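The structure appears below as structure tokens.
The values are calculated or read from the model by the stated rules, or taken from the named source; none is laboratory data. Keep in mind that this is a model prediction, so the values were computed, not measured. As a convention, Cβ positions derive from the backbone with ideal geometry for all residues, glycine included, and neighbour counts pool all protein chains shown. When the accessible area is computed, the model is the full protein with side chains, heavy atoms only, and any ligands, DNA or RNA have been set aside. Shrake-Rupley method; radii C 1.70, N 1.55, O 1.52, S 1.80 Å.
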Amino acid sequence: GAGVSQSPSNKVTEKGKDVELRCDPISGHTALYWYRQSLGQGLEFLIYFQGNSAPDKSGLPSDRFSAERTGGSVSTLTIQRTQQEDSAVYLCASSLGQYGTQYFGPGTRLTVL
Amino acid sequence: GQQVMQIPQYQHVQEGEDFTTYCNSSTTLSNIQWYKQRPGGHPVFLIQLVKSGEVKKQKRLTFQFGEAKKNSSLHITATQTTDVGTYFCGSGNTGKLIFGQGTTLQVKP
């Protein structure tokens, strides 16, 4: 079946604008994760959704970042008033259960000018 | 919070040489997962270790979980150019993974 998909693949925006990044997880996967990877850096955890439980937002770097998951499937990560330091690749992953293998999407490369 | 330290950050080897990356934590880990990210690609799951002292092999790759469950290693025997990439370890008690900084492997043919 299809893997995790993300859109757009690339996004260039101006400082101060809002952006929305979309993630379509693998069908049937109850857990969904967002990570951020700056150039040449590791994977920084942002937020985690598991079923109908309240999301774990402990990794969000500021209140400009938010995410929602509608109907237990598609997720949207929103960054308000983007800053240049927000430039990074935003990766989404999903897993079958809480401790399952995480399958990553191809990422969205965000560039804030 | 939980932190996972990974060393070395970079490793350059000649094709055919062995390679090892280490993952260390000051706290006991419930599990450890290893991922590989090729240049320009996204992380791909390699393996999960759960038991103390566990050793698993995948062809030329050997994964170990320490007896105290505070460290793990990935060893590649006789590296090939196809092994290039960044190797990440990650661990988590609540579903989310905290990743190490990764070890980037370069293999000279």
*State all residues of region B:49-63 that are of a type outside the set (Ser, Thr, Tyr) and surrounded by fewer than 19 Cβ atoms within 10 Å (Cβ to Cβ); if no residue qualifies, say none.*
B:Val50, B:Lys51, B:Gly53, B:Glu54, B:Val55, B:Lys56, B:Lys57, B:Gln58, B:Lys59, B:Arg60, B:Leu61
*Evaluate region B:82-98: report whether one residue or more is open to solvent by 60 Å² or more (accessible area, probe 1.4 Å) and away from chain A (no Cβ under 14 Å).*
yes
*Which condition breaks for A:Ala67 when tested against (1) at pLDDT 95 or above; (2) surrounded by fewer than 20 Cβ atoms within 10 Å (Cβ to Cβ); (3) farther than 23 Å from B:Val4 by Cα?*
(2)
_Complete set of residues in region A:23-42 that are hydrophobic (A, V, I, L, M, F, W, C), surrounded by 14 or more Cβ atoms within 10 Å (Cβ to Cβ) and out of contact with any Pro (no Cβ under 7 Å at 6 or more places or on another chain)_ = A:Cys23, A:Ile26, A:Ala31, A:Trp34
*Name the strands (runs of 3 or more DSSP E) wholly inside region B:1-79 in which the number of residues that are in contact with a His (Cβ under 8 Å, 6 or more places away or on another chain), within 28 Å of A:Pro106 (Cα to Cα) and modelled with pLDDT of 95 or more is 1 or more.*
B:19-24, B:61-65
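From the list A:Glu20, A:Glu14, which one is in contact with a strand residue (DSSP E or B) (Cβ under 8 Å, 6 or more places away or on another chain), closer than 27 Å to A:Gln98 by Cα, modelled with pLDDT of 95 or more and open to solvent by 20 Å² or more (accessible area, probe 1.4 Å)? Talk me through it step by step, then tell me what you get.
On the way: A:Glu14 fails: closer than 27 Å to A:Gln98 by Cα.
Result: A:Glu20 is the single residue among A:Glu20, A:Glu14 that is in contact with a strand residue (DSSP E or B) (Cβ under 8 Å, 6 or more places away or on another chain), closer than 27 Å to A:Gln98 by Cα, modelled with pLDDT of 95 or more and open to solvent by 20 Å² or more (accessible area, probe 1.4 Å).
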_Failed condition for A:Gly40, given (1) away from chain B (no Cβ under 14 Å); (2) farther than 20 Å from A:Val74 by Cβ_ = (1)
